[in-house]
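Okay, structure first, notes after.
The values are calculated or read from the model by the stated rules, or taken from the named source; none is laboratory data. Bear in mind the structure is a predicted one, so any value in this text is a computation, not a measurement. Cβ: placed from backbone, ideal geometry, glycine included. Neighbour counts: every protein chain shown. Just the protein is used for accessible areas: all its heavy atoms, side chains included, with ligands, DNA and RNA removed. Shrake-Rupley method; radii C 1.70, N 1.55, O 1.52, S 1.80 Å.
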Amino acid sequence: MQGNKVDLGEQEVYAYETIVTPVKAASMDDTLKITMWFASNKSQVFLYPWDAMWMAYLSPTVQDKTFVGVKFEYKGKSALFTNPAPFQSGLFPYFEGDQDAFNDVNEDLGYLYMGWLATLNFGIWYAWEDVNLLVPQSGVWSDMQGHSWEWSTKPDGSATYGGHSFKLVDFSWKYKGTAEQVSMNGKGRLSPYLPLLVQGEGHYSFKDSQTGRETVIYAYLELKDLKLEKVSG
């Protein structure tokens with residue numbers, strides 16, 4: 001609680017590094033580097049670098065056993081948050097650096113979170129887990145209370161990564177939440193044999209119920225290359 005350090009020895013962890021370069025941002029006018037560490041392999045962090053719930057991992061009552069820490073670097077300043085729970089229980093999280101330096105980019109981090117949500121982490125992906133995407137398909141869903149989505153998939157060609165060819169599928173989906181005044185949509189290409197999109201883009205839009213102002217967030221992802229190797233175990 002007083003910011004004291006405890007030596008937990010040398011540990012092997014997985015590190016994931018993301019560089020955010022602003023194009024059109026609310027406040028961010030320089031690159032932001034986000035580094036996250038986990039005690040186990042969290043490959044989805046490559047796709048989803050900014051989790052708005054990460055602060056909950058640092059709660060001394062949660063004691064998350066996988067999240068090790070996160071570091072933000074922006075304009076020559078840095079802030080480090082570490083979680084000792086994966087290696088020793090009963091300790092409080094540790095904070096180091098200039099935490100106030102990142103208050104100016106909080107709004108942009110929120111937009112980044114929602115952009116990744118619209119492109120990569122929406123529930124439609126779970127709905128496709130048990131669907132044969134190598135044949136043309138489509139579907140619609142509604143709870144009759146203002147929440148609905150529609151989707152379609154169609155196999156189309158192949159691509160080569162790491163010397164291996166993968167069948168590709170074109171996809172599109174739309175979601176609408178009338179009560180929350182939220183809508184999302186996405187489209188792109190994926191392969192059932194790869195753990196990440198080949199190409200995808202999405203929009204997340206919401207309207208402020210008090211001011212009527214609409215905010216639209218756009219996200220785009222394209223896989224340029226992928227290193228593949230056979231490992232034992």
Report task. State the number of residues belonging to the range 100-143 that are open to solvent by 50 Å² or more (accessible area, probe 1.4 Å), more than 25 Å from Val216 (Cα to Cα) and in the same structural domain as Gln181 (by the TED database). Result -> 8
Report task. Within the range 170-186, identify whether any single residue is surrounded by 15 or more Cβ atoms within 10 Å (Cβ to Cβ), in the same structural domain as Gln137 (by the TED database) and over 25 Å from Tyr111 (Cβ atoms), and answer yes or no. Result -> yes
Report summary line: Note on Phe92: of the conditions (1) surrounded by 15 or more Cβ atoms within 10 Å (Cβ to Cβ); (2) touching a Leu at 6+ places or on another chain (Cβ under 6 Å), unmet is (2)
Report summary line: the range 147-233: strands (runs of 3 or more DSSP E) wholly inside it with 3 or more residues that are in contact with a Gly (Cβ under 9 Å, 6 or more places away or on another chain) and either under 27 Å from Val23 (Cβ atoms) or of a type in the set (Asp, Glu) (or both) are 164-177, 182-190, 199-207, 214-222
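Of all residues in the range 191-205, which are in contact (Cβ under 8 Å) with a residue 40 or more places away in the chain and either surrounded by fewer than 12 Cβ atoms within 10 Å (Cβ to Cβ) or in contact with a helix residue (DSSP H, G or I) (Cβ under 9 Å, 6 or more places away or on another chain) (or both)?
As a first pass, look at the range 191-205 and keep what is in contact (Cβ under 8 Å) with a residue 40 or more places away in the chain: 192, 195-197, 200-204.
Within the range 191-205, Pro195, Leu196, Leu197, Gly200, Glu201, Gly202, His203, Tyr204 qualify.
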Query raised in the report: Looking only at residues in the range 208-228 that are within 16 Å of Leu190 (Cα to Cα) and among the charged types (D, E, K, R), which one is least open to solvent (accessible area, probe 1.4 Å)?
Result: Glu222
Report summary line: Apart from one, (1) without any contact (Cβ under 8 Å) to a residue 40 or more places away in the chain; (2) surrounded by fewer than 17 Cβ atoms within 10 Å (Cβ to Cβ); (3) farther than 30 Å from Gly110 by Cβ all hold for Gly162; the odd one out is (1)
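Looking only at the range 41-76, which residues are touching a strand residue (DSSP E or B) at 6+ places or on another chain (Cβ under 7 Å) and modelled with pLDDT of 75 or more?
Listed by number, the residues that qualify are Asn41, Lys42, Thr66, Phe67, Val68, Gly69, Val70, Lys71, Phe72, Glu73, Tyr74.
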Query - Only listed residue being in a strand (DSSP E or B) and not β-branched (Val, Ile, Thr), chosen from Ala79, Ala85 - result: Ala79
